[in-house]
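**Student:** Here it is, the structure in full.
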Amino acid sequence: MKEIFKNYSGILFLLLGIIVGSIIGITAPGVVDYIKPLGDIFLNLLFVSVVPLVFFAVSNSIASLEQQSKFGKIIAVMSFTFLFFILTAAIFTIIAVYLFPMDPISGSSQIISEETHNETWGNRIVSFFTVGEFTELFSRKNMLALLIFAFLTGFAARKTGEIGQPFRLFLASGYEVMKELLLLVMKLAPIGLGAYFAFQVATVGPQLFGFYGKPLGIYYIVGTIYFFVFFTLYTFIANGRKGVKGFWTNAPYPTLTALSTCSSFATMPANLQAATKIGIPSSIANLVIPIGTTLHKNGSSISSIIKIYVAFLIIGKDFFEPSNLILALGITVFVSIVEGGIPNGGYIGELLMISVYKLPHEAIPAVMIIGTLVDPLATVLNAVGNVVAAMFVNRFVKVDS
């Protein structure tokens, strides 16, 4: 119990902050103007620490990759499998929120600048992927351009060989420093988000609780269906009834590990053990599961779509417009890739969402709260999904055990 409390302490303290903030917002609305600056300070610290962390994390992960040319076919099939699973989860979630829509909060809509509406699609595409000045890269408004630059920097660092070793060490060191900085900032989350929640409750009213309840309910229903139905379907494709039986016989251990630790990385040993018992060759399991722990996130895919949908409800815009749906799928893939190796990586996905859609930053606390409350099931889907992916890869790539 002590270990479980330790792993869930962040969620528990955040819930405590939200509860205290809600009570203040209901009983003492006149106080919220004095405590809202605490929420603003937290968000500002989050903005300035996340941006350099994204650069160091992505560029360092690419620069430190070992050459795996002899595993080329495994990597190709693995990449397709990850992308297929992530997009399937996202599309399934889009269908769910379309069939079970939520009502926006009255009075919560915010006006988006006319400049955004007047931009041509050509200009928007250019601004999504690039910026005109180097200094503009390190702005939360240009997160997608920063991601692309970080990928390119990592690849360039790999190609320089021995002479680039000092720079690669700089990237690795920078990642560790910025990771610790973000962990320090996140200790303020219960206070910062509690203050913001007090402001929202005082401004919008108690209907806010019902607004949060429905997306959380949809997530847990969609996630549970995905876990039992889609994982069964994938394992059947991988190895017929034998695959289904082998997976569900060995899935409880990694599932319970993911629930108790709330960590995909902590679940990795259990996943590798389950893969061995299922009969997946070590040459596949030892590659797919560790890489999948960072790059393959079914649960995060589902939560990404729901958080984007909620953000659109808050500002009163149409999520189901085709261009918005295409962007949502693209953001979901990026979120799955980026957040794996970063503490509280889901928040980076939220900042990317805000940046690409040019949404007001007031939408961030709402999606952060949802992301935190769905974390237990998201961890199960993220972690256990890697065993399913390894089975899927083994279906199309035959290697010696």
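**Student:** Report, in debye and to the nearest 20, how large the dipole of segment 142-289 comes out about its Cα centre when Lys and Arg carry +1 and Asp and Glu carry -1 on their Cβ.
**Tutor:** 440 debye
**Student:** Could the peptides 240-248, 154-162, 383-391 be put in order, highest first, of the mean number of other beta-carbon atoms found within 10 Å of their residues?
**Tutor:** Ranked from most to least packed, the peptides come out as 383-391, 240-248, 154-162.
**Student:** Then there is this: Among Leu181, Leu169, Phe149, whose Cα projects farthest towards the positive end of the dipole of segment 140-195, with charges put on the beta-carbon of Lys, Arg (+1) and Asp, Glu (-1)?
**Tutor:** In segment 140-195, that residue is Phe149.
**Student:** OK, next. In nm, to one decimal, how far is the modelled label at Ser9 from the one at Lys358, with both set 7 Å along Cα→Cβ?
**Tutor:** Result: 4.4 nm between the two label points.
**Student:** Another one. At a Förster radius of 25 Å, what calculated FRET efficiency corresponds to the Cβ-Cβ distance of Ile26 and Ile221, to the nearest 0.05?
**Tutor:** Approximately 0.30, to the nearest 0.05.
**Student:** Once you put a point 7 Å from the Cα of Lys277 and another 7 Å from the Cα of Phe80, both along the Cβ direction, what distance in nm separates them?
**Tutor:** 3.1 nm
**Student:** In addition: Residue by residue, what Karplus-based ³J(HN,Hα) values in Hz, rounded to whole numbers, does segment 317-326 have, using 6.51, -1.76 and 1.60 with θ = phi - 60° and x for Gly and Pro?
**Tutor:** Running phi through 6.51 cos²θ - 1.76 cosθ + 1.60 with θ = phi - 60° gives 10, 8, 5, 8, 4, x, 5, 5, 5, 4 Hz.
**Student:** Can you compute the modelled spin-label distance between Leu152 and Phe129, with each label point 7 Å from Cα toward Cβ, in nm?
**Tutor:** Modelled inter-label distance: 1.1 nm.
**Student:** Moving on to the next point. Which order do peptides 174-183, 130-139 fall in by mean Cβ count within 10 Å, highest first?
**Tutor:** Answer by packing, highest mean first, reads 174-183, 130-139.
**Student:** Where the centroid of each part is defined by its Cα atoms, how far is segment 129-174 from segment 363-392 in Å?
**Tutor:** Cα centres, segment 129-174 to segment 363-392: 27 Å.
Bear in mind these aren't lab numbers, they're just calculated from the coordinates by the rules spelled out. If you're wondering where the values come from, they're calculated on a predicted model, not measured in any experiment. Note that we place each Cβ from the backbone using ideal geometry, even for glycine, and neighbour counts take in every protein chain shown.
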